[in-house]
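Below is one structure, written out as structure tokens; the observations come after it.
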Amino acid sequence: MARLKLSHQAWSTQTAFILAAIGSAVGLGNLWKFPYITGENGGGAFVLVYLGCIVLIGLPILIAELTLGRSGQASPPQAMAILAQEAKASKSWVFLGVNGVLGGLFILSFYTVIAGWGLSYFFDSLSGQFIAMDADAAGVNFDALVSSSGQLIFWHSVVMIITVWIVSKGVKSGLEKAINLMMPGLFIILAILLGYATTTGAFSESFHFLFDPDFSKLTWNSVLIALGHAFFTLSLGFGTMMVYGSYIPAQYSIVRAALWIVVADTVIALVAGLVIFSIVFGNNLAAGSGPGLLFQTLPIAFGQMSGGWIFGTLFFGMVVLAALSSSISMIEPGISWLEQNWGYSRQKAAWSLGLATWALGLGTVWSFNWLSDMHWIGQRNFFESLDFLTANVMLPLGGLFTALFVGWVWSQTRRNQEIELSNPMQKIFSITIRWVAPILVALVFVANLIQS
Ligand code: PHE
Ligand code: NA
């Protein structure tokens with residue numbers, strides 16, 4: 001099979017690409033999930049394990065995924081077909097691309113629901129609803145939102161429509177344009193909030209909570225959560241970075257881009273953690289309250305503090321920007337596949353995938369109200385099952401097989417040409433992608449199976 005000739009889209013500049021990839025990486029993972037799982041898993045030690053996973057596993061797999069995308073120059077399933085054939089390897093590697101397409105849509109289906117909470121809270125805060133709110137009122141407010149499937153469906157639909165509308169416009173006039181508007185806003189808001197956090201009086205407590213490791217609080221399950229989150233937060237294992245990679249022209253440096261993405265994503269998660277825990281501790285609230293941390297705990301703080309109206313509105317505005325710049329990247333692998341493999345127009349691909357994903361999202365909506373007692377995987381409701389299945393199973397497996405493909409199956413010459421590392425770095429990369437990353441992922445996986 002000759003290289004497919006595709007009427008191919010591409011990023012207009014290297015900066016545009018890096019910004020879009022950072023936009024994908026920085027999302028609810030950083031602002032909502034990282035703080036609450038850190039709170040639930042005891043702080044410092046968990047953060048340390050997470051950082052270890054980012055450097056030893058996340059970075060090399062990110063480089064690998066971007067490289068596969070660029071070499072394949074096609075949607076993830078097609079790229080894997082082309083590369084497997086090139087390596088004279090089994091056709092079944094295509095499943096890695098399919099895992100990405102499906103996984104991205106699975107995540108998107110609940111991501112837009114949670115982003116919808118953010119959007120709803122943005123308007124709540126803007127209209128002054130949080131002013132003088134106490135803990136009980138905040139709980140009531142959150143319960144009122146999640147128990148109303150009507151409201152949840154409304155916000156879920158709004159976020160989904162915006163997402164689909166952006167991607168339907170294509171790489172340059174959709175993704176890039178949206179990213180160029182959203183990312184500066186996000187950075188500025190976070191900087192303002194960080195400035196504020198240093199004045200709360202709880203900044204150092206928050207710093208100690210995040211950075212003083214207490215290993216007695218760590219379990220194998222926390223380690224699996226940290227690992228899964230390293231994949232989730234860098235948008236790995238789901239074809240997102242592969243499809244973004246497929247739009248990179250040959251002359252861009254992948255390693256440079258990968259370093260930017262990792263640094264930006266990590267710094268933003270840590271800063272967001274500092275901001276959030278400063279506000280939480282500054283108002284004598286608890287860190288371990290789970291997924292409600294952002295939506296139940298923070299509003300109390302915004303209600304009590306001076307300037308809470310402004311900071312609350314800015315905060316939830318930032319959550320929405322971060323979520324949208326990620327949601328567009330979850331649907332893109334599927335769109336590129338429908339476009340390039342099945343001849344769909346971009347419009348048709350975007351709206352049909354959006355509709356299907358929206359419908360799947362209803363399962364998440366109802367898992368917060370009338371189906372909350374329905375268990376799918378173990379004791380988990382629909383939302384928790386989907387989160388578990390994607391973040392703790394599909395993502396690590398996708399990442400593991402990406403590492404195995406690049407480390408063992410793909411031609412090393414081709415790999416080195418694409419990645420362009422200097423000699424010692426090439427060795428280090430090779431050892432990490434062949435041994436370190438796969439063994440660590442497998443280990444955490446097996447440890448959990450044995451334990452559970
Ligand atoms: N990285 C995103 C976040 O942190 C989530 C994401 C996962 C995006 C997988 C794309 C693919 O919120
Ligand atoms: Na992230």
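Just a few scattered comments:
- Failed item in (1) more than 22 Å from residue 243 (Cβ to Cβ); (2) surrounded by 15 or more Cβ atoms within 10 Å (Cβ to Cβ), with residue 147 passing the rest: (2)
- Pairs, first touching a residue at least 40 places away in the same chain (Cβ under 8 Å) in segment 13-31, second open to solvent by 10 Å² or more (accessible area, probe 1.4 Å) and more than 12 Å from ligand 1 (Cβ to nearest atom), C-beta under 6 Å, six or more apart: 14/252; 16/176; 18/260
- Some residue of segment 205-219 being touching a Leu at 6+ places or on another chain (Cβ under 9 Å), open to solvent by 10 Å² or more (accessible area, probe 1.4 Å), within 16 Å of ligand 2 (Cβ to nearest atom) and farther than 25 Å from residue 334 by Cβ: no
- Checked across segment 90-109, the condition of being open to solvent by 10 Å² or more (accessible area, probe 1.4 Å), aromatic (Phe, Trp, Tyr), within 15 Å of ligand 1 (Cβ to nearest atom) and farther than 30 Å from residue 216 by Cα holds for at least one residue.
- Inside segment 17-74, residues that are of a type in the set (D, E, K, R), more than 12 Å from ligand 1 (Cβ to nearest atom) and within 30 Å of residue 250 (Cβ to Cβ) make up a count of 1.
- Pairs linking a residue in segment 416-429 that is under 13 Å from residue 256 (Cβ atoms) to a residue that is polar (S, T, N, Q), with Cβ atoms under 7 Å and 6 or more positions apart or on different chains, are 419/67; 420/253.
- The one condition in (1) surrounded by fewer than 22 Cβ atoms within 10 Å (Cβ to Cβ); (2) under 22 Å from the mean Cα position of the chain (by Cα); (3) more than 16 Å from ligand 1 (Cβ to nearest atom) that residue 360 fails to fulfil: (3)
- Selection count where residues are closer than 19 Å to residue 174 by Cα and free of Cβ contacts under 8 Å to residues at least 12 places away in the same chain, scope segment 232-254: 0
- Considering the conditions (1) within 16 Å of ligand 2 (Cβ to nearest atom); (2) out of contact with any helix residue (DSSP H, G or I) (no Cβ under 7 Å at 6 or more places or on another chain), residue 103 is excluded by exactly one of them, (2).
- The sole residue among 390, 402 that is within 30 Å of residue 87 (Cα to Cα) and at pLDDT below 95 is 390.
- Residue 369 meets each of the listed conditions (1) over 21 Å from residue 225 (Cα atoms); (2) of a type outside the set (Gly, Ala, Ser); (3) crowded, with 22+ Cβ neighbours inside 10 Å apart from (3).
The values are calculated or read from the model by the stated rules, or taken from the named source; none is laboratory data. Quick caveat: nothing in here was measured; it's all calculated off a predicted structure. Note that we place each Cβ from the backbone using ideal geometry, even for glycine, and neighbour counts take in every protein chain shown. These accessible areas exclude ligands, DNA and RNA; they are computed on the full protein's heavy atoms, side chains included. Shrake-Rupley method; radii C 1.70, N 1.55, O 1.52, S 1.80 Å.
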